[in-house]
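> Sharing a structure here in structure tokens format.
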Amino acid sequence: MAGFPIEFATRIKNLPPYLFAAIDKMKQTAIAKGVDIINLGIGDPDLPTPAPIIESLARAATDPKHHQYPSYEGMLSFRKAVADWYRRRFNVVLNPATEVLTLIGSKEGIGHVHLAFVDPGDIVLVPSPGYPVYPVGTSFSGGISTIMPLTKANGFLPDVDAIPLDVAKNAKLMWLNSPNNPTSVVMTKEYFRRVVEFAQKHEIIVCHDAAYSEIYYDGRRPASFLEADGAKDVGVEFHSLSKTYNMTGWRIGFAVGNKDVLAGLGSVKSNLDSGCFQAIQEAGITALTLDQSVTDGLRKVYQERRDTLVPGLKKLGLEVEPPPAAFYIWVNVPRGYTSASFTAHLLENAGIVTTPGNGFGAPGEGYIRLTLCTPKARLAEAVERIRKAGF
Ligand SMILES: Cc1ncc(COP(=O)(O)O)c(C=O)c1O
């Protein structure tokens, strides 16, 4: 901002340093040198959106009734399709009128929910390493993130028993994310039940981010937070069409569960945005009511990729487990490296972009994250390049 006399607001100045900037710079240098980069840094599906969804958008886009402002909370027909999908998938019953809210992608709702409930100084419990929007949304509303570290010792699950009483008493909201980004760990219904008890005892809103619930392997379907008894009394679940139907660019998601939490989020949204383009919601209805075998095909592709990359890395001597869900591989860096130095080594000596684990929070130090959003042959090539580069 050289020469511009007005400073950024404190909330922007307080943002954590952009840890990926150094990687970006190294990546650009390598590309300029003509290196054929294999990008295992991005969490964005490389496969196309299924054709019937695209056709549905094309049809709906020509209908003038969709050209006007949409309703703030989303079309009732979309919310009904969400409720039906939840009943079929999780056996969870939702009232589409009060317990489902359309979002412009789940990130939008995840960021905004803090504005509805977090006052300056309130505590928000945030898993770390984790999706950066949880702590950033907290700080934008003046709240204070208290980290719940995810470590090998606790199975990468927030240990609610380790949260000090004074923190629990003053916490307003708690974030959970299963299947997890970046660790890929999945929470069970029993685990969710323990969280519900904790939240009831201390009057804390639970916000569960389930963006990856449909990307799972070996036929083991992750549970919804709302399957746990009492969950709807304390929390909501954020969901997305982005990963389930390869629709990251479309910007459509939804939040479901506690109607008072959704009313709070809805009133933030009605003051800041004007809803989701109705033609996209029509396409969303098509996605949610499609023969869900389309997602079987998607899971098969990711599973083949996982089963190429993980055994390949293990064979090289890297410490890594096959993830049960999501498209992230959480790899221990070898002895003598940090997250940053191993990321730099792989980029400089093997032309592979990865993400340093500490970019997701300090407890992620000692790990790097690789994604499965690249064809199998390129993943096999990545393993070969790492073998040649050594470590
Ligand atoms: C854990 C997690 N939650 C939510 C999102 C946001 O997804 P979207 O806004 O596309 O629904 C992402 C995106 O990468 C994510 O990793």
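The values are calculated or read from the model by the stated rules, or taken from the named source; none is laboratory data. Everything numeric here is computed off the predicted structure, so don't read it as measured data. Here the Cβ positions follow ideal geometry from the backbone for every residue, glycine too, while neighbour counts run over all protein chains shown. Ligands, DNA and RNA are stripped out before the accessible areas are found, and what is left, the full protein with its side chains, is counted by its heavy atoms. Shrake-Rupley method; radii C 1.70, N 1.55, O 1.52, S 1.80 Å.
> Report the antiparallel proportion of the DSSP beta bridges in the chain as a percent, rounded to a multiple of 5. Could the numbers behind the result be given before it?
Details: 18 of 38 bridges.
The antiparallel proportion sits near 45 percent.
> In addition: If we sort 89-98, 243-252 on the protection proxy, mean other Cβ atoms within 10 Å, highest first, what's the order?
Details: 89-98: 15.8, 243-252: 21.2.
Peptide ranking by packing, descending: 243-252, 89-98.
> Can you list residues from other chains, or at least 5 along the same chain, whose modelled amide H is less than 5 Å from the amide H of Ile215?
Ala326
> Same structure again: Could you tell me the ratio Rg/Rh of region 289-379? Both radii from Cα atoms, Rh via Kirkwood.
Reported Rg/Rh (Cα atoms, Kirkwood Rh): 1.03.
> Return the single residue from Thr371, Thr343, Thr62 with maximal mean-square fluctuation; model: Gaussian network over the chain, springs between Cα atoms under 10 Å.
Judging by the Gaussian network model, the answer is Thr62.
> Need the C-alpha centroid separation for region 81-153 versus region 206-240, integer Å.
After rounding, the separation between the Cα centres reads 11 Å.
> With the Cα gyration tensor of region 235-389 in hand, give its eigenvalues times 5 under a square root as the equivalent ellipsoid semi-axes, listed largest first in whole angstrom. Could the numbers behind the result be given before it?
Working: eigenvalues 264, 83, 36 Å².
After scaling each eigenvalue by five and taking roots: 36, 20, 13 Å.
> Can you tell me the alpha carbon radius of gyration of region 138-208 divided by the globular rule-of-thumb value 2.2 N^0.38 Å? Can you show the working numbers first?
On the way: Rg = 12.1 Å, N = 71, 2.2 N^0.38 = 11.1 Å.
In units of the globular-protein estimate, region 138-208 measures up at 1.09.
> Near the amide H of Asn39, under 5 Å away, which other amide H atoms are found, from residues 5 or more places off or on another chain, if H is placed in the peptide plane?
Close amide H contacts, sequence-distant or interchain: Val353.
> Over the chain, with the other protein chains present, what is the accessible area per residue in square angstrom, probe 1.4 angstrom?
Working: 17140 Å² over 391 residues.
Accessible surface, normalised per residue, equals 44 Å².
> Sticking with this structure for a sec: Any idea what % of Cα-Cα pairs in region 79-189 are farther than 20 Å?
51
> Amide H neighbours of Gly235 under 5 Å, counting only residues 5+ apart in sequence or on other chains, H built in-plane at 1.01 Å?
Amide H neighbours of Gly235: Val206, Asn258.
> Right, another one. Taking each pair of different alpha-carbon atoms in region 156-293 once, compute 1/r for the pair, average those values, and report the inverse of that mean as the Kirkwood hydrodynamic radius in Å to one decimal. Walk me through the intermediate numbers first.
Details: mean 1/r = 0.0612 Å⁻¹.
Mean inverse Cα-Cα distance, inverted, gives 16.3 Å.
> Which lysines have a Cα less than 19 Å from the Cα of Lys80, not counting those fewer than 8 places away in the same chain?
Partners within reach: Lys232, Lys259.
> Based on the Cα coordinates of region 216-294, what is the per residue volume of their convex hull in Å³? Mind showing how you got there, number by number?
Details: hull volume 8.9 nm³, N = 79.
Spelled out: Cα convex hull of region 216-294, divided by residues, is 112 Å³.
> Further, regarding this structure: Over the Cα atoms of region 15-102, what radius of gyration and what Dmax do you get, in Å?
Cα only, region 15-102: 21.0, 56 Å (Rg, Dmax).
> Turning to a different aspect of this structure: Heads up, I need the accessible area for Thr338: 1.4 angstrom probe, whole protein in place, Å², nearest 10.
70
> By the scheme Lys and Arg +1, Asp and Glu -1, what is the net charge of all other residues having a beta-carbon under 14 Å from that of Ser270? Walk me through the numbers before you get to the answer.
Numbers: positive: Lys269; negative: Glu73, Glu108, Asp273.
Around Ser270, the surrounding residues sum to -2.
> Let me check I have the definition right: for the chain, take the eigenvalues of the Cα gyration tensor, multiply each by 5, take square roots. What are those semi-axes in whole Å, largest first?
On the way: eigenvalues 211, 136, 101 Å².
Sorted largest first and rounded, they come to 33, 26, 22 Å.
> Alpha carbon centre of region 1-72 versus region 333-359: separation in Å?
Centre-to-centre distance over Cα atoms comes out at 23 Å.
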